[in-house]
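J.: Could you have a look at this structure, given as C-alpha coordinates, before my questions?
The values are calculated or read from the model by the stated rules, or taken from the named source; none is laboratory data. For clarity, every value in this text was computed on a predicted model and none was experimentally measured. Here Cβ is always computed from backbone atoms with ideal geometry, including for glycine, and neighbour counts include all displayed protein chains.
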Amino acid sequence: MKSLKQFSIAFVTLGFIAASGTSYAAETPSAAPAGVNMVEASQVQELQAKGAIIVDTRKASEYGEGTIKGAISVPYDPEKSAKAADFDGSMDKFDMSKLSDKNAAIVVFCNSGTCFKSYKAAVTLAKNGYKNVNWYRNGYPDWKARKLPTE
(Lines give C-alpha, C1' and ligand atoms only; values in the text may rest on other atoms or scores of the structure.)
Protein backbone atom coordinates (compact mmCIF):
# COMPACT_ATOMS: atom_id res chain seq x y z
CA MET A 1 0.00 0.00 0.00
CA LYS A 2 2.86 2.34 0.87
CA SER A 3 4.48 1.84 -2.55
CA LEU A 4 1.17 2.57 -4.29
CA LYS A 5 0.94 5.87 -2.38
CA GLN A 6 4.55 6.76 -3.29
CA PHE A 7 3.85 5.91 -6.91
CA SER A 8 0.73 8.10 -6.89
CA ILE A 9 2.64 11.03 -5.39
CA ALA A 10 5.43 10.64 -7.96
CA PHE A 11 2.90 10.42 -10.80
CA VAL A 12 1.06 13.56 -9.65
CA THR A 13 4.35 15.43 -9.19
CA LEU A 14 5.45 14.56 -12.74
CA GLY A 15 2.07 15.71 -13.99
CA PHE A 16 2.51 19.11 -12.34
CA ILE A 17 6.00 19.48 -13.80
CA ALA A 18 4.73 18.61 -17.29
CA ALA A 19 1.75 20.96 -16.95
CA SER A 20 3.94 23.83 -15.80
CA GLY A 21 5.62 23.89 -19.18
CA THR A 22 9.04 23.27 -17.69
CA SER A 23 11.40 22.51 -20.50
CA TYR A 24 15.02 21.65 -20.63
CA ALA A 25 17.39 23.19 -23.13
CA ALA A 26 17.97 20.87 -26.05
CA GLU A 27 21.54 19.98 -26.81
CA THR A 28 22.93 20.60 -30.27
CA PRO A 29 24.00 17.44 -32.11
CA SER A 30 27.27 15.99 -30.82
CA ALA A 31 28.61 15.56 -34.35
CA ALA A 32 29.17 18.19 -37.00
CA PRO A 33 26.57 18.46 -39.76
CA ALA A 34 27.44 17.49 -43.34
CA GLY A 35 30.06 19.76 -44.89
CA VAL A 36 31.18 21.18 -41.52
CA ASN A 37 34.16 20.46 -39.25
CA MET A 38 33.70 20.52 -35.48
CA VAL A 39 36.62 22.27 -33.77
CA GLU A 40 37.89 22.81 -30.24
CA ALA A 41 39.47 25.98 -28.80
CA SER A 42 43.04 25.06 -29.78
CA GLN A 43 41.94 24.47 -33.37
CA VAL A 44 40.09 27.81 -33.40
CA GLN A 45 43.35 29.49 -32.37
CA GLU A 46 45.26 27.69 -35.13
CA LEU A 47 42.67 28.59 -37.74
CA GLN A 48 42.57 32.20 -36.58
CA ALA A 49 46.39 32.42 -36.79
CA LYS A 50 46.10 31.26 -40.42
CA GLY A 51 43.54 33.99 -41.21
CA ALA A 52 40.20 32.26 -40.60
CA ILE A 53 37.17 34.47 -40.12
CA ILE A 54 35.79 33.99 -36.60
CA VAL A 55 32.02 34.59 -36.54
CA ASP A 56 30.03 35.30 -33.39
CA THR A 57 26.46 34.23 -34.22
CA ARG A 58 24.98 35.45 -30.92
CA LYS A 59 22.76 38.52 -30.68
CA ALA A 60 24.54 41.83 -31.24
CA SER A 61 23.99 42.74 -27.57
CA GLU A 62 25.81 39.58 -26.44
CA TYR A 63 28.64 40.29 -28.87
CA GLY A 64 28.91 43.78 -27.33
CA GLU A 65 29.29 42.29 -23.85
CA GLY A 66 32.35 40.29 -24.92
CA THR A 67 33.54 37.99 -27.68
CA ILE A 68 36.53 36.11 -28.97
CA LYS A 69 39.22 38.62 -29.85
CA GLY A 70 39.01 39.41 -33.56
CA ALA A 71 35.56 37.90 -34.08
CA ILE A 72 33.00 39.64 -36.25
CA SER A 73 29.31 39.83 -35.38
CA VAL A 74 26.98 38.06 -37.78
CA PRO A 75 23.96 37.27 -35.62
CA TYR A 76 21.75 34.31 -36.43
CA ASP A 77 18.79 36.37 -35.41
CA PRO A 78 15.87 36.18 -35.26
CA GLU A 79 15.97 32.46 -34.69
CA LYS A 80 12.38 31.31 -35.08
CA SER A 81 12.89 27.73 -36.24
CA ALA A 82 12.96 24.74 -33.91
CA LYS A 83 16.07 24.07 -31.88
CA ALA A 84 16.62 20.79 -33.69
CA ALA A 85 18.99 19.28 -36.24
CA ASP A 86 16.22 19.31 -38.85
CA PHE A 87 15.35 23.01 -38.38
CA ASP A 88 13.64 25.03 -41.13
CA GLY A 89 16.20 27.72 -41.96
CA SER A 90 13.68 29.66 -44.06
CA MET A 91 12.10 30.79 -40.78
CA ASP A 92 15.33 32.41 -39.59
CA LYS A 93 17.59 35.28 -40.61
CA PHE A 94 21.34 34.97 -41.18
CA ASP A 95 23.05 37.68 -43.23
CA MET A 96 25.90 36.02 -45.12
CA SER A 97 26.85 39.21 -46.98
CA LYS A 98 29.74 39.80 -44.54
CA LEU A 99 31.12 36.42 -45.61
CA SER A 100 31.61 36.90 -49.33
CA ASP A 101 34.52 34.47 -49.87
CA LYS A 102 33.05 30.97 -50.02
CA ASN A 103 36.55 29.44 -49.95
CA ALA A 104 37.69 31.22 -46.78
CA ALA A 105 38.06 29.31 -43.53
CA ILE A 106 35.16 30.33 -41.28
CA VAL A 107 34.63 29.42 -37.63
CA VAL A 108 31.15 29.96 -36.15
CA PHE A 109 30.37 29.95 -32.45
CA CYS A 110 27.74 30.97 -29.92
CA ASN A 111 26.99 30.04 -26.28
CA SER A 112 27.89 26.34 -25.99
CA GLY A 113 26.14 23.07 -26.77
CA THR A 114 22.64 24.31 -25.95
CA CYS A 115 22.89 27.29 -28.31
CA PHE A 116 21.70 26.37 -31.78
CA LYS A 117 22.64 29.66 -33.48
CA SER A 118 26.14 28.56 -34.54
CA TYR A 119 24.95 25.07 -35.47
CA LYS A 120 22.28 26.57 -37.72
CA ALA A 121 24.73 29.10 -39.15
CA ALA A 122 27.19 26.29 -39.97
CA VAL A 123 24.46 24.27 -41.71
CA THR A 124 23.28 27.34 -43.61
CA LEU A 125 26.80 28.21 -44.76
CA ALA A 126 27.52 24.64 -45.91
CA LYS A 127 24.20 24.45 -47.77
CA ASN A 128 25.06 27.73 -49.52
CA GLY A 129 28.36 26.50 -50.92
CA TYR A 130 30.88 27.63 -48.29
CA LYS A 131 33.75 25.15 -48.48
CA ASN A 132 35.65 25.50 -45.18
CA VAL A 133 33.07 25.82 -42.40
CA ASN A 134 34.11 25.09 -38.82
CA TRP A 135 31.76 24.85 -35.85
CA TYR A 136 33.09 25.64 -32.38
CA ARG A 137 30.30 23.88 -30.47
CA ASN A 138 31.60 24.73 -26.98
CA GLY A 139 31.58 28.42 -27.89
CA TYR A 140 32.28 31.57 -25.97
CA PRO A 141 31.81 30.16 -22.43
CA ASP A 142 34.51 27.55 -23.13
CA TRP A 143 36.81 30.16 -24.68
CA LYS A 144 36.38 32.46 -21.71
CA ALA A 145 36.88 29.64 -19.17
CA ARG A 146 40.19 28.82 -20.86
CA LYS A 147 41.21 32.49 -20.41
CA LEU A 148 41.84 32.89 -24.12
CA PRO A 149 41.91 36.39 -25.69
CA THR A 150 38.60 38.26 -25.59
CA GLU A 151 37.46 41.79 -26.33
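J.: Checking the condition farther than 18 Å from Thr124 by Cβ, modelled with pLDDT under 95 and of a type in the set (Asp, Glu), which residue from Glu40, Glu27 passes? I'd like the intermediate steps shown before the answer.
T.: Working: Glu40 fails: modelled with pLDDT under 95.
Only one candidate qualifies: Glu27.
J.: So, Gly139, is that one in contact with a strand residue (DSSP E or B) (Cβ under 7 Å, 6 or more places away or on another chain) and not aromatic (Phe, Trp, Tyr) or not? Please lay out each step first, then the result.
T.: Numbers: in contact with a strand residue (DSSP E or B) (Cβ under 7 Å, 6 or more places away or on another chain): yes; not aromatic (Phe, Trp, Tyr): yes.
Spelling it out, Gly139 is indeed in contact with a strand residue (DSSP E or B) (Cβ under 7 Å, 6 or more places away or on another chain) and not aromatic (Phe, Trp, Tyr).
J.: Based on what the data block shows, is Lys131 more than 16 Å from Ile54 (Cβ to Cβ) and either modelled with pLDDT of 95 or more or surrounded by 13 or more Cβ atoms within 10 Å (Cβ to Cβ) (or both)?
T.: Values: more than 16 Å from Ile54 (Cβ to Cβ): yes; either modelled with pLDDT of 95 or more or surrounded by 13 or more Cβ atoms within 10 Å (Cβ to Cβ) (or both): yes.
Considered against the rule, which asks whether it is more than 16 Å from Ile54 (Cβ to Cβ) and either modelled with pLDDT of 95 or more or surrounded by 13 or more Cβ atoms within 10 Å (Cβ to Cβ) (or both), Lys131 comes out as yes.
J.: A further question follows. Would you mind telling me which numbered condition in (1) buried (at least 18 other Cβ atoms within 10 Å of the Cβ); (2) modelled with pLDDT under 95; (3) of a type in the set (Ser, Thr, Tyr) Thr114 fails?
T.: It is condition (1) that Thr114 fails.
J.: Moving on to the next point. When Ala122 is evaluated against the numbered criteria (1) in contact (Cβ under 8 Å) with a residue 60 or more places away in the chain; (2) more than 20 Å from Pro29 (Cβ to Cβ); (3) surrounded by 13 or more Cβ atoms within 10 Å (Cβ to Cβ), which criterion, by number, is the only one it fails?
T.: (2)
J.: Considering only region 83-108, how many residues are surrounded by 11 or more Cβ atoms within 10 Å (Cβ to Cβ), among the basic types (Lys, Arg) and under 29 Å from Arg146 (Cβ atoms)?
T.: So the answer is 1.
J.: Filter region 47-82 down to the residues that are surrounded by fewer than 18 Cβ atoms within 10 Å (Cβ to Cβ), farther than 20 Å from Val133 by Cα and in contact (Cβ under 8 Å) with a residue 24 or more places away in the chain and list them by number.
T.: Gly66, Ser81
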